[in-house]
1. Residue by residue through the stretch 43-52, note down the ones that are open to solvent by less than 40 Å² (accessible area, probe 1.4 Å) and among the hydrophobic types (A, V, I, L, M, F, W, C).
2. Need the failing condition index for Leu40 against (1) over 17 Å from Glu190 (Cα atoms); (2) modelled with pLDDT of 90 or more, just the number.
3. Kindly establish whether Gly217 is over 32 Å from the mean Cα position of the chain (by Cα) and modelled with pLDDT under 75.
4. Could you count how many residues in the stretch 49-71 are within 30 Å of the chain's Cα centre (by Cα) and either hydroxyl-bearing (Ser, Thr, Tyr) or over 24 Å from Ala188 (Cα atoms) (or both)?
5. Quick check on my filter: what residues within the stretch 45-90 are aliphatic (A, V, I, L, M), part of a helix (DSSP H, G or I), closer than 23 Å to Ala108 by Cα and touching a helix residue (DSSP H, G or I) at 6+ places or on another chain (Cβ under 7 Å)?
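The values are calculated or read from the model by the stated rules, or taken from the named source; none is laboratory data. None of these values were measured; they are calculated from a predicted model. Positions of Cβ are backbone-derived with ideal geometry, glycine not excepted, and every protein chain shown enters the neighbour counts. Surface accessibility is based on the protein's heavy atoms, side chains included, excluding ligands, DNA and RNA. Shrake-Rupley method; radii C 1.70, N 1.55, O 1.52, S 1.80 Å.
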Amino acid sequence: MIHLVEARDALRGLIELGGPVVALILALSVLAGAVVLWKLWQFRAAGVGRHTGLEAVIAAQDAGQTTRARALCEAAPSHLAPLLSEAMRADTVAARDRLYTLAEDRLARLESGFRLLDTIAQTAPLLGLFGTVLGMIDAFQAMQGAGQAVDPSVLAGGIWVALMTTAAGLAVAMPVSAVLSWLESRMAAERRMAGTVIEAALCPGMISRAEAVVQPGRVHAPA
């Protein structure tokens, strides 16, 4: 309880020093943290990155073990398992585009929230710079009003308080940007795997995982 009170007092003092800009940056940090936790839970629940089960299904199908492949597909802990199951029942020519559309829809749902994190990562340092400019304006206005009796320590204090908002903005933007890059790399791997499971199911024995035809930002069926 004592530590909670101390943290609350420290936070209140920080907001009082930095003003509304620091308060807004702190609010963005809380929002970003909530989104990151939600994405981590969503990725875990969807089985993002759990490709071993899907690879076992593909291997069984390539070996002609259709019944075993379907059983493994039902047990696979990946959100791409229903897509693979649908692909194994599909017509090779007519269903390819529809399967890629379904894959893109599944991936788009997992990417929800990415734009918000990107906006926070870009906005936080700009807000920090804005707060610094406002703080510098206040400091120089105070210096002008003091005339010849300017106290350098007061001016220096005003400047460091102003610069604190830039530091706060960068402190939020850098980890959010790093986490967003990591999440995007996970989704890039999911896109490659989505292309692999579709082509492997439609053309058993004729494609390896490394030969899935995809393009950055969107799953594409081969021409």
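1. Residues satisfying the conditions are Phe43, Ala46, Val48.
2. That leaves (1) as the condition not met.
3. Criteria not met by Gly217.
4. If we filter the stretch 49-71 for residues that are within 30 Å of the chain's Cα centre (by Cα), which is where we start, we get 49-58.
Those still in the list that are either hydroxyl-bearing (Ser, Thr, Tyr) or over 24 Å from Ala188 (Cα atoms) (or both) too: 52.
Here the count works out to 1.
5. Let us first name the residues in the stretch 45-90 that are aliphatic (A, V, I, L, M), namely 45-46, 48, 54, 56-60, 63, 69, 71-72, 75-76, 80-81, 83-84, 87-88, 90.
Okay, now just the ones that are also part of a helix (DSSP H, G or I), so 45-46, 54, 56-60, 69, 71-72, 75, 81, 83-84, 87-88.
Within this subset, residues satisfying the condition of being closer than 23 Å to Ala108 by Cα are 45-46, 54, 81, 83-84, 87-88.
Answer for the stretch 45-90, where residues must be aliphatic (A, V, I, L, M), part of a helix (DSSP H, G or I), closer than 23 Å to Ala108 by Cα and touching a helix residue (DSSP H, G or I) at 6+ places or on another chain (Cβ under 7 Å): Ala46, Leu54, Ala81, Leu83, Leu84, Ala87, Met88.
Let's see how each residue does on (1) open to solvent by 10 Å² or more (accessible area, probe 1.4 Å); (2) of a type in the set (Lys, Arg); (3) under 30 Å from Met174 (Cα atoms):
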{"position": "Leu37", "(1), (2), (3)": "yes, no, yes"}
{"position": "Trp41", "(1), (2), (3)": "yes, no, yes"}
{"position": "Leu54", "(1), (2), (3)": "no, no, no"}
{"position": "Thr67", "(1), (2), (3)": "yes, no, no"}
{"position": "Arg70", "(1), (2), (3)": "yes, yes, no"}
{"position": "Pro77", "(1), (2), (3)": "yes, no, no"}
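Quick grid of which residues meet (1) modelled with pLDDT of 85 or more; (2) over 16 Å from the mean Cα position of the chain (by Cα); (3) within 14 Å of Glu184 (Cβ to Cβ):
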| site | (1), (2), (3) |
| --- | --- |
| Thr92 | no, yes, no |
| Tyr100 | yes, yes, no |
| Leu107 | yes, no, yes |
| Leu110 | yes, no, yes |
| Asp118 | yes, no, yes |
| Gln122 | yes, no, no |
| Leu126 | yes, yes, no |
| Leu129 | yes, yes, no |
